[in-house]
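What follows is a short report on a single structure.
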Amino acid sequence: MSEQIYIFRDPSFNLNQAYYYTLLIQIDGKSFSYAITYKEDVVAWGSNCNLAELSDPQELAEELTATYKKVIVGVPSDFFTLVPNVLFDKAQIANYARLLDVKTDERVIAETLDSENYIIYKVDKKIVSAVQKFDLQNVVYLAKGWITAAAQDNSDSQSLFLNAEAGKAAFLYFKNGVIRFYNKFDYQTEGDLGYYAAFVCEELGLTPNGVHLKLSGNLKPNDKFTTSLSQFFLNITFFNPHLLNLPTQISPQQILTLAALSLCGSSEVV
């Protein structure tokens, strides 16, 4: 098993009480993070766990085989398309999937993203196989929780949300309370991130100095990425919603995407 960068156990944590707990799992490529919660309290957490643990748990056997009150698994995808509910037709999923260039080792999943849209995305079959035992009805698109949290926080029409982690920058913009833009880009340098931020603003007809840019993920105040963005965006804050009660050694930004999965219910997976 790969080294766990972070691990936490609250003194009250007791898997004999697992039927009162919720298990949240965030999959990132070849690793995953997890949180076990009791009501709104995080009682256990692990990060950078080997993906093989999901299908054949060894060091996390007790945590991953317990019977929980609720399980939510967030799976990643870089290839997706949004379809408004009024246009969505289950019989047309194969046609939607043509937009994603699906390979033989990938599976297409369609689920509700919010009250207005379905999201159709493709996932590596190895990931699907690894999480199947948790029931695919408990599997959601990884960013669904973050999108839900942003929708609850979206207080003005000039807010542009940017979540950057693991080399992926996700931009989200609402208009009249409805998703107007959502997309992801690969980035490496602060120049990449600035370019995509400017590109999104141009696509939306927004001016950077009139936008409230709300950051989350691996970005930190005064790091090179935030410093670079601040040259173009005059109003930058960090998106830091209170989702779960965390121990002092865990920062909200560090666990935001994972914690936001707590806002997701079971999906109608097609």
request  = Kindly provide the set of residues from the stretch 112-126 that are crowded, with 19+ Cβ neighbours inside 10 Å and assigned to a loop (DSSP other than H, G, I, E, B), ordered by number.
outcome  = LEU113
task = Restricting attention to the stretch 6-24, report how many residues are crowded, with 18+ Cβ neighbours inside 10 Å and assigned to a helix (DSSP H, G or I).
result = 1
key: Residue count for the stretch 193-212, restricted to those that are in a helix (DSSP H, G or I) and crowded, with 16+ Cβ neighbours inside 10 Å   = 7
query = Just to be sure, is ASP156 charged (D, E, K, R), touching a His at 6+ places or on another chain (Cβ under 9 Å) and either over 22 Å from ALA169 (Cα atoms) or free of Cβ contacts under 8 Å to residues at least 60 places away in the same chain (or both)?
reply = yes
ask   = Quick check, is ILE27 assigned to a strand (DSSP E or B) and under 30 Å from ARG180 (Cα atoms)?
value = yes
request  = Answer yes or no as to whether LYS103 is within 23 Å of GLN254 (Cα to Cα), open to solvent by 60 Å² or more (accessible area, probe 1.4 Å) and out of contact with any Phe, Trp or Tyr (no Cβ under 8 Å at 6 or more places or on another chain).
outcome  = no
ask   = If we keep just the residues of the stretch 210-230 that are of a type in the set (A, V, I, L, M, F, W, C) and out of contact with any Gly (no Cβ under 7 Å at 6 or more places or on another chain), which is farthest from ALA169 (Cα to Cα)?
value = VAL211
task = Hey, can you tell me all the residues within the stretch 233-252 that are within 28 Å of GLY191 (Cα to Cα) and modelled with pLDDT under 90?
result = SER251
request  = Determine the pairs where a residue that is touching a residue at least 40 places away in the same chain (Cβ under 8 Å) and closer than 29 Å to ASP28 by Cβ, located within the stretch 71-92, has a partner that is among the polar types (S, T, N, Q) and part of a strand (DSSP E or B) with Cβ atoms under 6 Å apart, the partner being 6 or more residues away or on another chain.
outcome  = GLY74/GLN26; LEU82/ASN117
note = Over the stretch 160-173, the set of residues at pLDDT below 95 and either among the hydroxyl-bearing types (Ser, Thr, Tyr) or over 16 Å from the mean Cα position of the chain (by Cα) (or both) is none
task = Go through the stretch 46-74 and give me each residue that's surrounded by 14 or more Cβ atoms within 10 Å (Cβ to Cβ) and in contact with a Leu (Cβ under 6 Å, 6 or more places away or on another chain).
result = GLU53, PRO57, ALA66, TYR68, VAL71, ILE72, GLY74
query = Can you find a residue in the stretch 213-234 that is of a type in the set (Val, Ile, Thr) and in a helix (DSSP H, G or I)?
reply = yes
query = Here are some conditions: (1) assigned to a loop (DSSP other than H, G, I, E, B); (2) among the hydroxyl-bearing types (Ser, Thr, Tyr); (3) surrounded by 13 or more Cβ atoms within 10 Å (Cβ to Cβ). SER155 meets all but one. Which one does it not meet?
reply = (3)
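The values are calculated or read from the model by the stated rules, or taken from the named source; none is laboratory data. None of the values given here were measured: they were computed from a predicted structure. Using ideal geometry, Cβ is built from the backbone for each residue, glycine included, and neighbour counts are taken over all protein chains shown. Ligands, DNA and RNA are excluded from the accessible area calculation, which covers all protein heavy atoms including side chains. Shrake-Rupley method; radii C 1.70, N 1.55, O 1.52, S 1.80 Å.
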